[in-house]
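The values are calculated or read from the model by the stated rules, or taken from the named source; none is laboratory data. Treat the numbers as computed from the prediction; the structure is a model and nothing was measured. Using ideal geometry, Cβ is built from the backbone for each residue, glycine included, and neighbour counts are taken over all protein chains shown.
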Amino acid sequence: MSATVDPHLVPLRPTVHDPSPCPACGAADTAVSRVVFPGIHIMAERHCPACGARFMKDLPVGFAVDHPMAFELGTGRLYAAEERLAWLHQPLVEGYRAPTEAPVKVERTVFREHRRVVLLNTLDFLYGHVLLKLYNAAHYLQRYPDIGLVVMVPRNFRWLVPEGVAEVWTVDLGLGRMHGWYPAIDRFVHEQLERFDEVFLGRAYAHPEFASIDIAQFTRTPAFPLEEFATRPPQVTFIAREDRLWYATPLHKFMHRALGPLRLKRSLGRFFVMDQDRMVRRTMRHVRRALPNARFTVVGMGRAGGMGHMATDLRTTRIDEQVERQWVQAYADSQIVVGVHGSNMLLPTAHAAGCVEILPHDRSGNIVQDISVRWHDRMQLFLYRFVDEFATPRAVARQVVAMFNEFPNYHRTHRVKGFHSGR
Ligand SMILES: [Zn+2]
């Protein structure tokens, strides 16, 4: 397939190719005068030969694959902006109207010189979004070995850039500052683009297929080998966040949420964190009753302690690369990870064989978005289990124990004795 019609590449240089109708009059195509790289978004400045409208519109990468935003040049007035997408367009327009002129350090690391490159922009304000965009790198490395891959990442994700990329552009901004319109980033990118004959944008799809990705490319830590599920001692890692809790009852949830507006989350909120710890411990006790040699680990951003001899407690309030690598090793040593739905489940499920996830009712539309699904086949249904948000420790433990007890039979009948074998 010729690269120019490849749907996974957006031609940027020498010529931008993204046919776009005019948002003002509907004319079929509009002309691009320049492209800007202010941070999360990559936008083209366009004008309409029919009605004279001048506007800025997202190129179809990242969340703009689905929801490209367009606004009038100068005023920042949005065209056809849906209210439910305010999380996308509000910060964009606010940033455009008040650009952040402060310098932003962007560090360039070149591994291999290429004249043709794919530029993958992973900048985002949410941890899960950055990671999912970064997963795209595996597809570009695999499908386009002749084209260099240039990855633009936030500083905290530098350690996750996979081997094989041509260049890394590390942007020295925390995710909390990623919203905004940064002329400094735009200048940096334009200076760099001069070096290349041909540039495509990588799509940075929000939900790239994961099962064919080897996570060790990114973390340098091999994932748990499925064929050793039953032979290795059972290990379960709990991901216990303090900012998104496993609640015992709807009343617990309601009371905890009510503390927010009262500014009591830091003080009285401890009760709910301790209650989550209590439920985690009870789950471990139920599992250990059925599987006496089971080992447990707890990770997450939060105060360690309270697990006694039950578990290795790796929680901390100070995250750095060393901590992240230690957590990743714990996931990779675990058959199963257990946690509440959220982007905190992406790396755990990328390394463990399976999970039990506590899924809040209001997140049911986001089911599996936070799971790095490792399996193409029926092992998916066996290994990824979702329980109600108020599931009891006994109910969670029942799923964990069932997975260990039933794995040998299920794996043999669905994988080993079948068309999979010999592949
Ligand atoms: Zn027009």
For the range 11-22, indicate whether the set of residues that are within 15 Å of the ligand (Cβ to nearest atom) and in contact with a Lys or Arg (Cβ under 9 Å, 6 or more places away or on another chain) is non-empty.
yes
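Of Val35, Val61, Val16, Val65, which residue is closer than 30 Å to Tyr127 by Cβ and more than 22 Å from the chain's Cα centre (by Cα)?
After ruling out the rest, the residue left standing is Val35.
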Apart from one, (1) in contact with a Lys or Arg (Cβ under 9 Å, 6 or more places away or on another chain); (2) part of a loop (DSSP other than H, G, I, E, B) all hold for Thr349; the odd one out is (2)
Would you check which residues across the range 390-421 are in contact with a helix residue (DSSP H, G or I) (Cβ under 6 Å, 6 or more places away or on another chain) and surrounded by 13 or more Cβ atoms within 10 Å (Cβ to Cβ) and list them?
Pro393, Val396, Ala397, Val400, Val401, Tyr410
Within the range 310-329, is even one residue free of Cβ contacts under 8 Å to residues at least 12 places away in the same chain, exposed (fewer than 15 other Cβ atoms within 10 Å of the Cβ) and assigned to a loop (DSSP other than H, G, I, E, B)?
yes
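Which residues, counting only those in the range 41-60, are among the charged types (D, E, K, R) and within 10 Å of the ligand (Cβ to nearest atom)?
Answer for the range 41-60, where residues must be among the charged types (D, E, K, R) and within 10 Å of the ligand (Cβ to nearest atom): Arg46, Arg54.
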Unique match (being within 20 Å of Val396 (Cβ to Cβ) and either outside the structural domain of Thr231 (by TED's automatic domain parsing) or modelled with pLDDT under 95 (or both)) among Gly365, Gly306:
Gly306
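Okay, residues lined up against (1) outside the structural domain of Phe188 (by TED's automatic domain parsing); (2) over 30 Å from Leu141 (Cα atoms):
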position: Cys22; (1), (2): yes, yes
position: Gly26; (1), (2): yes, yes
position: Pro68; (1), (2): yes, no
position: Val110; (1), (2): no, no
Please specify each residue of the range 34-91 satisfying the condition of being surrounded by fewer than 18 Cβ atoms within 10 Å (Cβ to Cβ), in a helix (DSSP H, G or I) and touching a Lys or Arg at 6+ places or on another chain (Cβ under 8 Å).
Val65
So which residues in the range 92-123 are more than 21 Å from Phe63 (Cβ to Cβ), part of a strand (DSSP E or B) and touching a Leu at 6+ places or on another chain (Cβ under 8 Å), if there are any at all?
Val117
Name every residue in the range 26-76 that is touching an Asp or Glu at 6+ places or on another chain (Cβ under 8 Å), in contact (Cβ under 8 Å) with a residue 60 or more places away in the chain and of a type outside the set (A, V, I, L, M, F, W, C), in order of residue number.
Pro38, Pro60, Gly62
Report whether or not Asp29 is under 29 Å from the mean Cα position of the chain (by Cα) and at pLDDT below 95.
no
Is the range 292-303 home to any residue that is touching an Asp or Glu at 6+ places or on another chain (Cβ under 7 Å) and part of a helix (DSSP H, G or I)?
no
Within the range 22-60, the residues that are out of contact with any Phe, Trp or Tyr (no Cβ under 9 Å at 6 or more places or on another chain) and within 29 Å of Leu132 (Cβ to Cβ) are Val32, Arg34, Val35, Ile42, Ala44, Asp58, Leu59, Pro60
